[in-house]
Each structure stands twice: as structure tokens, then as C-alpha cells.
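The values are calculated or read from the model by the stated rules, or taken from the named source; none is laboratory data. None of the values given here were measured: they were computed from a predicted structure. Because the Cβ atoms are built from the backbone with ideal geometry, glycine has one as well, and the counts that use them run over all protein chains shown.
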Amino acid sequence: MLLKYFYDEKLAHASYLVGCQKEGVAIVIDPSRYIEQYIEFAKKEGMEVIAAAETHIHADFLSGSRELSNLYHANLYVSDEGDYDWKYQYLNEGRYQLVSEGTEFKVGHIKFNVIHTPGHTPESISFLVTDTSQNNFTNDKPIGIFTGDFIFVGDIGRPDLLETAVGMKDT
């Protein structure tokens, strides 16, 4: 398994490319609008980006998920959690798959299990990652989790976004 961390300091935005080296395929988690960085890195590593996934609807930057799906025919995994106001509105185009608690999908030999993690936003999901390509006892053990803005190292994502949006904070 290959993991590449991308960080945009101006936006304080992190994204990740997770690749299955055995199959030569990769997924981008929470891609920024500048998708060329992922495509170029994948090519350099002998991989093709075949999927993208979003941990939640991002109001603070433009996502590159839709562009990856439309231009590179990547499958796009987005949350089906939360109520109507927190649903993705552009699902009539591209290759989209709605995912929710318990959904499992694979990119090569890398398995992703979806966990509903509301708090930062109602539809927020996390992706529990297992590398099934290992030929030992660890191939069924998760090795990490992508939490988006739900949990940070030493911090958590803002849980007050809904209250602030409707002017209910401190009422």
C-alpha cells in the first residue's frame, strides 16, 4: 500500500492518495480542486486514480472529486448520511456511489469501511482502511482511518457549525 499526504497551507486542507501497488490503482480522499497533483503523483508511481471519496461536504474549499469523476472516470464515494439539507446535489452526473454506515468498497486490495461520524457536519463519514494484500495475520486488521475534519491530531473539528449557521450559538 502507498500513502501520500498532500497539504495546502493556505487553506489548511489535507488530502490523501492511497494506492494499491499490486493492482496499480489509487483513490484520493478529500481531493482539492487542483487534481493535477494527484494524477501526476499516481503516474510517477505507476498508478491510475480510479476513485475519489469525500468525508463530508466541504464549505471552505472547492473539491476536486467531481472533476476527477468526470475527466478521469473515477468512481466517487460520497455520504448518504444526514438529512435532506446535507445531501449532495450533483449526483445526476458522473460515477457516484452513495455510502453510509457499514458500506464497504475496495480499491485494488485496499478495503474501505464507512463509519458515520456526525459532529463536524451531520453527513460526515470516516473511512477505516485495511490492506488485504498482506499474506500474514494482519491482512484483516485495519491499519488506519481517514476522519476528514471530524478528528485532528490533538483536536477535533468544529461541532458548532450548525448552531452558528442558524444564529443559535449561545442562545
Give the residue that is nearest to Ile143 (Cα to Cα), with candidates limited to residues of region 8-56 that are more than 14 Å from the chain's Cα centre (by Cα) and aromatic (Phe, Trp, Tyr). Phe41
When you look at Asp8, is it touching a His at 6+ places or on another chain (Cβ under 8 Å) and in contact (Cβ under 8 Å) with a residue 24 or more places away in the chain, yes or no? no
Tally of residues being of a type outside the set (A, V, I, L, M) and either closer than 24 Å to Leu98 by Cβ or touching a His at 6+ places or on another chain (Cβ under 8 Å) (or both) across region 20-59: 13
Give me the residue from region 13-38 that is surrounded by fewer than 18 Cβ atoms within 10 Å (Cβ to Cβ) and modelled with pLDDT of 95 or more and, out of that set, farthest from Ser133 (Cα to Cα). Glu36
Reported set for region 97-123 where residues are out of contact with any helix residue (DSSP H, G or I) (no Cβ under 9 Å at 6 or more places or on another chain) and not in a strand (DSSP E or B) is Ser100, Glu101, Gly102, Thr103, Gly108, Thr117, Pro118, Gly119
Would a scan of region 75-94 turn up a residue that is at pLDDT 90 or above and assigned to a loop (DSSP other than H, G, I, E, B)? no
Per the filter on region 54-74, residues in a loop (DSSP other than H, G, I, E, B), of a type in the set (A, V, I, L, M) and either closer than 14 Å to Ile27 by Cα or at pLDDT 75 or above (or both) are Ala74
Inspect region 42-49 for any residue being assigned to a loop (DSSP other than H, G, I, E, B), hydrophobic (A, V, I, L, M, F, W, C), at pLDDT 85 or above and surrounded by 17 or more Cβ atoms within 10 Å (Cβ to Cβ) and give the result as yes or no. yes
Residue list for region 25-41, restricted to those being within 9 Å of Phe6 (Cβ to Cβ) and either among the acidic types (Asp, Glu) or not in a loop (DSSP other than H, G, I, E, B) (or both): Val28, Ser32, Gln37, Tyr38, Phe41
